[in-house]
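This report refers to the structure that appears directly beneath it.
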């Protein structure tokens, strides 16, 4: 377990979990149709609404974020429905692939590292009868946050559903889903909530909930999941230990306060970007849209991705993610969401500085950590 | 936690878990794309083949048994394909409902508590061009095991796929899937393996694997899951803690030995049925097909289901399941699979005897426990 014994666990998900969350899983078997689990589901339901900042219908599925996205798409749309997929990274590409199975999608693509442009979305929607638009709010692959409020306004003006992948956004970025008019918003348990991977949650607008159908989905039938949770039940056997951990992580979010969690996440991101500057590196995306939950960092010339991450892991017990797709070898990515704290960032950047120095990239000694510490 | 502190946890799933399995979940976050998790998946792959007694392709999905069934049906069949669903209980009914979403199914129904009759299956297959047959091998709702070998022979004679719900069978009942010609066999983690709920595994025949398509599924895309696991990967974020627990439960199965586990499960079932007799009660299903993993027990006249199970739970810390659908109030059901042992059965039957006596149903004092103990 070298990877987690020391240093910092800075993946953009799964993220570090609190011992309270870990221990919640190690409970003896429980009747998931009994009164004890009903109480758990009741608390999970209410705290999930708190997490999303909504009073609308919510569902929690025993499946990863992809299951939540599938539930939203297959529950709201049918094969012949035209959908506009906004694509500017790996996860929005995958969202497009998912829509190819359940709908008739068109991709509107933007260069990786640049944000979705609302005006272009408006023009695309003017050009055809789209029933829905999909957006990856926070592109984990490029460390970029798309301007969701502006995009939502355009989509609402065109009376289409807005289905949002908020997997690395919900619980970490400021969220006004009801005011913006988001119809379906999906989160993943192992990101900003800092629960283990394996659950996803979906929050729905009133119109979206009333439009749900059950014709093309079974395991991810969103209507079945939503209606069941409203009466403290699940349509199929739930992943009980993950629900126990999810509840504990939700309780910890409530204890900290959602607004405080989001503000702290923003401060961590600002500190991370200051650390990047101090190392003489650059953030990958258009800086105006740099994410507050994930920072994507460009490698300096001559630094090998695999060697860098291997040394980080083995010598410093620090875990980060590489680039995906065309960005492989060009960037590395860190998460600073959930219960990540300034000490994690300091340990991480100290390891980056040392490792990069050994590979020929010099920066003022201690400058990155100092830049971070200044922002605590 | 009254439910598990004393007495016996005898649900027909989820079942009692070993502390080793529980503790396996409480591990710190891990990179599911890193070398450590690859090793885990490699071990899970090989031990899952061992569990199924096959050298064929296997997949492990982050979803309940229903997700596994959906993966098999949606991966092998298309909407226009005719499928014969063999229905004789609650779970085979649900399997039929699932097939209504992804195929064009016909139900061939048998009275609950009676077994599927292979001759009738043959006649139905003679009457139409069915691409597949679905079977619930062990009907948890009625405590009945269908004659899978005979049914498989009929299905193979008609050159149809045989897709089997083995959720409460695999790891508890004698399994010759390759010899019988089962094309897709699905298990659930929280049953005979005694892992937590939330994972399902699917084993495939060579023909079935080669027939998989990816056109109508995404999260449960069986080809994607199978191909990924073969190279120690998963198509989407896996429920890491559940994989850790699943591996530990597989290791415990291997330590005991699959044949030994199955033989012990049979002895426990024989003891349970002897206990039922000693209480002067009856098993619900046709006794020739009584299940070795689940026993369904008829209530004597005048015993109220809710009152009985409430008193069991609150006074004896013993948890059993009631009847489902038309059997609600008529039967209660116990599981004796996984790591269930004779002490669990003895504690359970002592609680049954005491509770029934208080409700006016008398049996020779201590006879049930004695009947069980005799078979240890």
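Any read-out appearing in this document is the output of simple, stated calculations on the displayed coordinates, not a laboratory observation. Since the structure is predicted, the reported quantities are computational estimates derived from the model, not experimental observations. Don't worry about glycine lacking a Cβ; one is built from the backbone with ideal geometry, like all the others, and counts go over all protein chains shown.
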DSSP beta bridges in chain A [antiparallel fraction, %, rounded to 5]: 55 percent
Within chain A, helix-based [θ] at 222 nm, where runs of 4 or more DSSP H residues each add -39,500 (n - 2.57), nearest 500: -13500 deg cm²/dmol
B:264, A:267 arranged by Cβ crowding within 10 Å, fewest neighbours leading: A:267, B:264
On Cα atoms only, tilt of A:65-76 relative to the major axis of chain A in degrees: 30 degrees
Max mean-square fluctuation residue, GNM over chain B, Cα-Cα springs under 10 Å, options B:35, B:147, B:12: B:35
Order of B:376, A:140 - criterion: other Cβ atoms within 10 Å of each residue's Cβ, fewest first: B:376, A:140
Rounded to 10°, Cα long-axis angle of helix B:90-102 versus longest principal axis of chain B: 20 degrees
At R0 = 22 Å, FRET efficiency that the Cβ-Cβ distance of residue A:231 and residue A:36 yields, to 0.05: 0.90
Inter-copy spacing of residue A:28 label points, which lie 7 Å from Cα along Cα→Cβ, given in nm from shortest upward: 3.1
Cα gyration tensor shape for the stretch A:122-219, rounded if a/c is under 1.5, else prolate or oblate: oblate
Acute angle (nearest 10 degrees) that the helix B:305-316 long axis makes with the longest principal axis of chain B, alpha-carbon atoms: 80 degrees
Nm distances between copies for residue B:287, ranked from closest, using label points 7 Å along Cα→Cβ: 8.3
Distance between modelled label sites at residue B:106 and residue A:375, nm, 7 Å Cα→Cβ extension: 6.7 nm
FRET efficiency for residue B:149 and residue B:120, using Cβ-Cβ distance with R0 set to 22 Å, rounded to 0.05: 0.85
Debye log10 I(q)/I(0) for chain B, one point scatterer per Cα, at q = 0.06, 0.07, 0.09, 0.15 Å⁻¹: -0.22, -0.30, -0.50, -1.28
Among A:271, A:24, A:71, residue whose mean-square fluctuation peaks in a GNM of chain A (springs only between Cα atoms under 10 Å): A:24
Counting DSSP beta bridges with both ends in the protein assembly as shown, the antiparallel % (nearest 5): 55 percent
Gyration tensor (alpha-carbon) shape descriptor, the stretch A:10-49, a/c threshold 1.5: oblate
Tensor-based shape of the protein assembly as shown (alpha-carbon gyration tensor, a/c under 1.5 rounded, otherwise prolate or oblate): prolate
Using a 7 Å Cα-to-Cβ projection, residue A:42 label spacings across copies, nm, ascending: 4.9
